[in-house]
Structure formats: C-alpha cells, structure tokens
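This report concerns only the one structure given below.
The values are calculated or read from the model by the stated rules, or taken from the named source; none is laboratory data. This structure is a prediction, so every number in the text was calculated from the model and none was measured. We place every Cβ from the backbone using ideal geometry, glycine too, and count neighbours over all the protein chains shown.
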C-alpha cells in the first residue's frame, strides 16, 4: 500500500491559470506551488530555446518552492530516423538533456519515434545503440539526468510498453515515461482500462526493471479520444472513458510512487482531481 504523499502531481507545460507576472517557467514553478502541485514538466516540445541564465533562474525557483522538474523534449526526435536525419534528432534530445539539467530537471521525456512499417525488433536494433551512445556522452559530460522514452498512443509508433521496458533494461540511465492514456488508446479497442490489466502491466514493469522502479514512476495522465489506430487527442478526464479509479488502485496496491503529470486540456484542474482522488484512496 502507498502513502498519500508517495506521488507528487503536476502538469506538462505551464498551468493555464498562471498569472501574467512573473510569467515564464519561473512563474509557472511559483504558481504550481501555490496550487499545491509540486511537479512541473517544462514543455520544450517545439525546440530548446533557453539560456543558461534562465535555466539558473528556473533551478533556483524550483529549489525554493520544492517543485520537482522534468523536461518534455521536442517532438521531432526519432530513434529510428534515417542516417541523414538522426544527427538533428539527436541534437534535440541532447540539448533538452543539457539545458534541462542546468534548469534542475532530473527526467527528460521524449517520444521515441516511428516504426516506419518495420517490426519493433528491427527498429530496436537501430534505436538501442543510438540511445546508449547518447547516455554515454551525457555521463562523460557529468550530466546525471534520466532519459524517459514515452509510451505512445498509436500502434504505428515506437513506444509500446514492451518497447520502452526493453530500452530501459538494455540501457542504464533509461526508464519509461508511462503515459497511461496512451496505453489505453494504443490498442484502439477500449482495453487497458481495468484494474486487472493495469495490475498485470505494472507487475511486468516490476519484474523487468526491479521493485525499486515502481517507487520512481514518471507518469503522464489525461482523458483521451481514440479510434482503431489509437490516439486521436487528449481530453478532460470527465469527457473520456478512461477509468481513473482502477488505475490508481493498482498503483496503490503495488506501493507505487513518483510523479504524475497531467496533459488534459484543463491541466491543473484535472491534476488537482487526480491528486485528491489519490489522497483519498491511499489515505483510506
């Protein structure tokens, strides 16, 4: 069983209700703490355009407020990119890791890419050495961040639970970002939405990555719309068929902890709902 404070909750990107001043990521950190949401994922999803001075300000604000930081790296990263495209994709990931570390982030979330109609096994043979080389360069530079490939919501994308767990087993310094809305949407048939399914997935995670891994989970969560090919768009929890309570029960029963970052269209409202539901469940 978990404790109510075993997870911290927050948003991916700045909360919508943030006042105009001081603005920016520093303002987002301060507003998150004001809301009682103690995690923030910096949404650097288009590009990494931040100075070292700004990173220092973000780091100091987060330390002062007790807010845990992560970074969502640019969308345009693909571990299965062609030879000509890979250096640009790699630079996006490495820039997110470099500046994220300067800003005080400990986790760097990224979309691992596309199968391009190849099999997962073939794609992973290309992806794993690339990911290993990125980690080696980060560690040589003294950068301790953890890279977190995200589970993806479309079946054509590299990022099944099996894919990201395999990456994590094979490359030290890599652990998954578990987007449970994506895992629900990916099959396209409404499955992955019951206590039994979530418990089985988390038990597999534990068996493959170790018991301690369940206490440092990095989770994305929202409502979601999907079709036969998987994810279409993120939704408010109330507008989605994602069943929150069984998922939280499974997390609680296995003693899980870590961070939960909301990606719904009403980020902070749903994040606060998730937090309240979790505290009621784990505390009761």
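Below is a table of values for the structure above.
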{"read-out": "Any hit, region 194-208, residues being part of a loop (DSSP other than H, G, I, E, B), more than 19 Å from the chain's Cα centre (by Cα), at pLDDT 95 or above and more than 12 Å from residue 180 (Cα to Cα)", "value": "no"}
{"read-out": "So residue 200, is it surrounded by fewer than 16 Cβ atoms within 10 Å (Cβ to Cβ) and over 25 Å from residue 266 (Cα atoms)", "value": "yes"}
{"read-out": "Total residues in region 32-57, condition within 15 Å of the chain's Cα centre (by Cα) and either at pLDDT below 95 or part of a helix (DSSP H, G or I) (or both)", "value": "0"}
{"read-out": "Criterion: under 27 Å from residue 174 (Cα atoms) and crowded, with 21+ Cβ neighbours inside 10 Å - qualifying residue of 192, 274", "value": "274"}
{"read-out": "Flag for residue 214 being under 18 Å from residue 263 (Cα atoms) and part of a helix (DSSP H, G or I)", "value": "no"}
{"read-out": "Hits in region 102-137 - residues which are surrounded by fewer than 22 Cβ atoms within 10 Å (Cβ to Cβ), touching a strand residue (DSSP E or B) at 6+ places or on another chain (Cβ under 8 Å) and either free of Cβ contacts under 8 Å to residues at least 40 places away in the same chain or more than 14 Å from residue 78 (Cβ to Cβ) (or both)", "value": "104, 106, 135"}
{"read-out": "Residue that is nearest to the chain's Cα centre (by Cα) [pool: residues in region 109-146 that are farther than 30 Å from residue 189 by Cα and outside any helix (DSSP H, G or I)]", "value": "146"}
{"read-out": "Cβ-Cβ under 6 Å pairs, at least 6 apart or on other chains, region 211-226 side closer than 11 Å to residue 241 by Cα, far side part of a helix (DSSP H, G or I)", "value": "222/181; 223/237; 223/239; 224/181; 224/185; 226/185"}
{"read-out": "Scope region 152-177; condition surrounded by fewer than 24 Cβ atoms within 10 Å (Cβ to Cβ) and in a strand (DSSP E or B); matching residues", "value": "154, 157, 174"}
{"read-out": "Yes/no for residue 283 being surrounded by 19 or more Cβ atoms within 10 Å (Cβ to Cβ), touching a residue at least 60 places away in the same chain (Cβ under 8 Å) and either more than 17 Å from the chain's Cα centre (by Cα) or more than 27 Å from residue 42 (Cα to Cα) (or both)", "value": "no"}
{"read-out": "Filter result for residue 231 (touching a strand residue (DSSP E or B) at 6+ places or on another chain (Cβ under 6 Å) and either free of Cβ contacts under 8 Å to residues at least 60 places away in the same chain or assigned to a strand (DSSP E or B) (or both))", "value": "yes"}
{"read-out": "Selected residue (only one of 261, 251 is at pLDDT 95 or above, crowded, with 22+ Cβ neighbours inside 10 Å and part of a helix (DSSP H, G or I))", "value": "251"}
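One line per residue, one yes/no per condition, for (1) surrounded by fewer than 19 Cβ atoms within 10 Å (Cβ to Cβ); (2) in contact (Cβ under 8 Å) with a residue 40 or more places away in the chain; (3) in contact with a helix residue (DSSP H, G or I) (Cβ under 8 Å, 6 or more places away or on another chain):
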| residue | (1), (2), (3) |
| --- | --- |
| 6 | yes, yes, yes |
| 15 | no, yes, yes |
| 23 | yes, no, no |
| 49 | yes, no, no |
| 75 | yes, no, no |
